[in-house]
C-alpha cells in the first residue's frame with residue numbers, strides 16, 4: 001500500500017485487506033491510548049472536508065494523533081480558496097505543499113478520484129457524494145471479522161436505506177469477495193439501485209420481512225433511514241416503525257449474532273438495544289481509529 | 001480525581017481543590033512554555049463545543065498541548081451528527097472512541113451531567129447554559145489564593161450581573177466553603193436570584209453603593225453587564241455608568257487589593273485600570289492554563 | 001529577530017532577509033517531512049483569523065508542526081469574544097496567556113500593528129486588509145532567489161491587479177531594495193495606486209502590452225484579477241482575456257524564465273502552463289512552509 005491512494009474499496013486487494021486487519025489488531029492498544037506510538041512523528045495529515053462530517057474527521061485525526069503525527073484541517077469549505085474560484089486540482093496541489101497525506105471528503109461523486117489524479121501525495125477518500133467511503137467499509141469488514149471470528153461463513157442482512165446509503169453499496173460489493181450469505185431488507189422506495197444490484201453475486205436474497213430471517217442471521221447491519229427521503233411524514237413514520245430494531249427483535253436473534261450500524265442512528269435501533277450483548281455498533285465505531293491507523297501507517301511508512 | 005468527571009464545583013472537594021492548587025503552582029513554568037512536559041504524550045482530549053467559546057476552548061487546548069497531548073475538536077455544532085438527529089448520549093459515546101478525556105460546552109443546563117452519565121471517559125464541563133463552569137471557578141479561587149496569599153480572611157465584592165452570571169453563582173457557592181466576607185453589588189434588575197441567595201451563608205451582605213465598600217475590599221470581582229439584559233439602551237447606559245471601574249475607583253481601594261474579571265470585559269473596567277498594579281484580570285486569565293493542566297493531569301494520570 | 005514581531009516587510013532588514021533565506025535552505029528537508037525537527041516541542045502558536053484564509057493558515061500551521069510545535073486556532077470570528085464586544089487588544093492579551101507566538105489575519109489595515117502593540121508575545125501579520133502580508137513577500141523573494149540563483153540582476157514583470165493586490169504592493173517595495181528591473185502591466189482600472197507608485201524607484205516601467213516584454217523577462221509574476229472589481233461582466237471578460245498566460249505566452253519567454261503567482265489563480269494562468277518547466281507557482285507555494293519555519297525558529301529560539 002506504500003504511497004498509494006485509497007479512493008475506492010476496489011483499490012484495496014483482498015490481500016491488502018488481510019494485512020490491514022492484521023495491523024489493526026496490532027494497533028488496538030495504541031488506539032486505546034494504552035501504549036504510545038510515535039512512528040508518524042513529524043508527519044502531517046491534511047483533512048480537506050468540503051462537506052461536514054465530524055465523526056469521520058475526528059476518527060481520522062484521532063488515528064493520526066495516536067501515531068504521533070500532526071493534523072491540519074480545512075472544515076469550512078465556504079471560507080476556502082474554493083470560494084475564490086480555485087479548482088479542486090489546485091486546492092489539492094496547495095495542500096500537497098503542506099502535508100504528507102490528504103484525507104478528502106466532498107459532496108460530489110468522483111471528487112476524490114480527481115483529487116488523487118492531481119495529488120503528489122497519497123489521498124484517502126473519506127466519502128464523496130453517493131460514491132465511495134472505503135475506510136468505513138474496511139472498518140465494517142474488520143468488525144465482522146473481529147466480533148465473529150472470521151468473515152467467511154456469516155449470514156449478513158443489510159437493512160434500511162439501501163438506495164441512498166453509500167456505506168451499504170461499498171459493503172455489499174466488498175462482502176461479495178467473501179463466502180457470505182447476503183440478505184437485503186428495505187422499504188420498496190429505498191431498495192438497492194439497479195447499478196449496484198447488477199454487480200452483486202447471484203445468491204443475494206431480497207427479503208420483505210426482517211422478522212422471517214432474524215433467527216438465521218449472524219450479522220444484522222442496520223442503516224439510517226432519512227426522513228428527507230420521504231414525501232410525507234406519515235409514510236416515513238410507518239416505514240421507520242417496521243424497520244426499527246428493539247429488544248423483541250434481539251430476542252429472536254441468535255445469542256452470538258451481532259448488530260452493526262454505521263452511525264449516527266436515529267430511530268432505527270432503540271436505546272434499549274444498546275445494553276444487549278449483541279449491540280456492536282459502538283465497538284464498530286471505535287474500530288475506526290485502529291483501522292485508520294493501520295491504513296495510514298501502511299501508506300506512509 | 002483519577003478517572004473522575006468534573007461537572008460541578010460540588011464534584012470537587014476542598015481537599016481536591018488544595019491538591020489542584022498545589023499542582024497548579026508546579027505547572028506554572030510548563031504553562032509559560034519555559035519547561036517542557038510530555039506526560040500526556042499519546043493522549044487525546046476531545047473538545048465538544050455545542051456553542052462557541054473561543055477563550056475557554058483555547059485555554060483547554062493550550063493546557064493539553066503544554067502537557068504534550070493532542071486535541072481533536074468539534075466547534076461547528078450545526079455541522080455535526082447532532083444535526084442528523086443524533087442524541088447527545090450517542091455523540092459522547094462516539095467521541096469516547098476517539099479520545100481519553102472529553103471537554104464539553106453546551107447551551108443547555110444539565111447537558112454536561114447527562115454526557116458524563118453516558119461517557120466511558122472522564123468529562124469536564126466547560127459551561128452548560130446557566131449551569132456550571134467549574135474550571136472557571138477553580139481558576140478564580142486559585143487567582144485569589146496566589147495573588148492574595150490565601151483565600152481565607154479576604155473581603156470579596158462581586159459586582160455587576162449577579163442574576164445571569166453563571167460564573168458568579170459558582171464562585172459564591174465555592175467561596176462559601178472558606179472564611180471570607182462576601183459583598184454583592186448589582187443593579188436591582190440583575191440581583192442574585194433567590195435559588196442561589198438561599199444557599200449563600202448568612203453573613204453575605206447586599207450593598208447598594210460600591211463606593212461605600214471600596215476602601216475595605218481585598219478582592220473586587222467585576223462581571224460583564226450585557227446590553228441584551230435591558231429593555232432600553234438608556235437604562236443600560238445609566239447602569240453601566242454607575243458600575244464601571246475607573247482610576248478613581250482604584251484610588252479608593254487598598255494598595256494590595258486585586259481586581260478580577262472573568263473576561264471578556266466591555267465597559268465595566270476602563271482601559272486606564274489595566275495599567276494599575278491592582279488589575280489582575282489578565283493574570284487571572286493566564287492561570288486558566290496551569291489550572292486546567294493540573295486538573296487534566298490529576299484525572300488522566 | 002529573536003522576540004520580534006513581523007508586521008510589515010519594513011520590519012525585516014535586508015540582513016534579516018539573508019539570514020531567513022539561509023535558514024530556509026536548511027529547513028527544506030524538514031519542511032518536506034524527510035527529516036524530523038523537534039525544536040519547537042512544547043511551544044504553542046495561536047492563529048487568530050478574523051477573516052478566513054485557509055491557505056495561509058494551513059501553511060503557518062504546517063510550519064509549526066514540522067518544527068515539533070503545537071497550534072491553537074481561532075478561525076470562526078463571528079463566534080469569538082469579539083462578538084461579545086471585546087477589543088482586539090483584549091483578545092490578543094487573552095491569546096498571549098495561551099501561546100508563545102501569535103499569527104493574526106484581519107480584514108482591517110493596521111490591525112496587526114495594533115495587536116503587536118498590546119501583545120506580550122511576538123506577532124506575525126498574516127495579512128491585514130489592504131495592508132501588509134510580509135511572509136508572502138518573503139516567500140516570493142525566496143522563490144526568485146532559489147529558482148533564479150539570486151535576486152539581483154533579474155527583470156521582473158508584475159502583471160494583473162496592481163491596484164488592490166496587497167501582495168504586489170509589498171513585493172514591489174521589497175524588490176526595490178535589490179538591483180532588479182521592474183515592469184508593471186495591468187488594465188488601466190487596476191493600475192498601481194499613487195501612494196505606492198510614489199515609493200517605487202525611478203527605473204520602474206509601466207508597460208501596456210505584456211507580449212512586448214515577454215522575451216526579456218526573467219520573472220513573470222501574475223496576480224489574480226477579481227471579477228468583483230469590474231462593473232460589468234463583459235469588461236472583466238475582455239480584460240481577463242488579454243492578461244491571461246497560456247502556452248503561446250510561455251513559448252515567447254526565455255527558457256529559464258520563471259512564472260510565479262501567489263495563488264489561488266482562476267483564469268490568469270491556463271492549466272496547460274502548469275506542465276511547462278517555467279511554471280513555478282506550486283513550488284513557490286511549497287516554499288511557504290520552510291520560509292515560515294525559518295521565521296518562527298528565528299523569533300522563538
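Per-structure values
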{"quantity": "Which listed residue is touching a strand residue (DSSP E or B) at 6+ places or on another chain (Cβ under 7 Å) and surrounded by 20 or more Cβ atoms within 10 Å (Cβ to Cβ), from B:270, B:280", "calculated": "B:280"}
{"quantity": "Number of the exception - residue B:124 against (1) under 26 Å from residue B:268 (Cβ atoms); (2) modelled with pLDDT of 95 or more; (3) not in a helix (DSSP H, G or I)", "calculated": "(1)"}
{"quantity": "Output for the range B:210-226, where each listed residue is out of contact with any strand residue (DSSP E or B) (no Cβ under 6 Å at 6 or more places or on another chain) and either in contact (Cβ under 8 Å) with a residue 12 or more places away in the chain or not assigned by TED's automatic domain parsing to the domain that holds residue B:143 (or both)", "calculated": "B:211, B:214, B:215, B:223, B:224, B:225, B:226"}
{"quantity": "Given (1) away from chain A (no Cβ under 14 Å); (2) outside any strand (DSSP E or B); (3) buried (at least 20 other Cβ atoms within 10 Å of the Cβ), number of the condition residue B:130 does not satisfy", "calculated": "(3)"}
{"quantity": "Residue B:114 being within 14 Å of another protein chain (Cβ to nearest Cβ), more than 13 Å from the chain's Cα centre (by Cα) and within 20 Å of residue A:61 (Cα to Cα)", "calculated": "no"}
{"quantity": "Considering residues of the range A:177-189 that are touching a strand residue (DSSP E or B) at 6+ places or on another chain (Cβ under 8 Å) and assigned to a loop (DSSP other than H, G, I, E, B) only, the residue surrounded by the fewest Cβ atoms within 10 Å (Cβ to Cβ)", "calculated": "A:180"}
{"quantity": "Failed criterion for residue A:46 (all others in (1) surrounded by fewer than 22 Cβ atoms within 10 Å (Cβ to Cβ); (2) within 14 Å of chain C (Cβ to nearest Cβ) hold)", "calculated": "(1)"}
{"quantity": "Filtered residues of the range C:93-111 (kept if buried (at least 24 other Cβ atoms within 10 Å of the Cβ), more than 8 Å from chain B (Cβ to nearest Cβ) and without any contact (Cβ under 8 Å) to a residue 60 or more places away in the chain)", "calculated": "C:102, C:103, C:104, C:105"}
{"quantity": "Some residue of the range A:139-155 being within 14 Å of chain C (Cβ to nearest Cβ), without any contact (Cβ under 8 Å) to a residue 40 or more places away in the chain, out of contact with any helix residue (DSSP H, G or I) (no Cβ under 7 Å at 6 or more places or on another chain) and surrounded by fewer than 24 Cβ atoms within 10 Å (Cβ to Cβ)", "calculated": "no"}
{"quantity": "Long-range neighbours under 7 Å by Cβ, at least six apart or interchain, first residue surrounded by fewer than 14 Cβ atoms within 10 Å (Cβ to Cβ) within the range B:22-38, second modelled with pLDDT of 95 or more and outside any loop (DSSP other than H, G, I, E, B)", "calculated": "B:35/B:29"}
{"quantity": "Residue within the range C:60-70 that is under 27 Å from residue C:172 (Cβ atoms) and more than 14 Å from chain A (Cβ to nearest Cβ) present", "calculated": "no"}
{"quantity": "Residues located in the range A:204-235, provided they are out of contact with any helix residue (DSSP H, G or I) (no Cβ under 6 Å at 6 or more places or on another chain) and modelled with pLDDT under 85", "calculated": "A:226, A:228, A:229, A:231, A:232, A:233, A:234, A:235"}
{"quantity": "Scope the range A:145-163; condition assigned to a helix (DSSP H, G or I) and either touching a strand residue (DSSP E or B) at 6+ places or on another chain (Cβ under 6 Å) or more than 19 Å from residue A:215 (Cβ to Cβ) (or both); matching residues", "calculated": "A:145, A:146, A:147"}
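Yes or no, residue by residue, for (1) in a helix (DSSP H, G or I); (2) facing chain B (nearest Cβ under 10 Å):
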| site | (1), (2) |
| --- | --- |
| A:256 | no, no |
| A:259 | no, no |
| A:265 | no, yes |
| A:273 | yes, no |
| A:282 | yes, yes |
| A:291 | yes, no |
| A:295 | yes, no |
| A:299 | yes, no |
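Listed here are the residues, each with its yes/no results for (1) over 16 Å from residue B:122 (Cβ atoms); (2) in a helix (DSSP H, G or I); (3) away from chain C (no Cβ under 14 Å).
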{"site": "B:15", "(1), (2), (3)": "yes, yes, yes"}
{"site": "B:29", "(1), (2), (3)": "yes, yes, no"}
{"site": "B:35", "(1), (2), (3)": "yes, no, no"}
{"site": "B:38", "(1), (2), (3)": "yes, no, no"}
{"site": "B:52", "(1), (2), (3)": "yes, no, no"}
{"site": "B:55", "(1), (2), (3)": "yes, yes, no"}
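The values are calculated or read from the model by the stated rules, or taken from the named source; none is laboratory data. Being a predicted model, the structure only gives us computed values, none of them experimental. Positions of Cβ are generated from backbone atoms using ideal geometry, with glycine treated the same way; all protein chains shown enter the neighbour counts.
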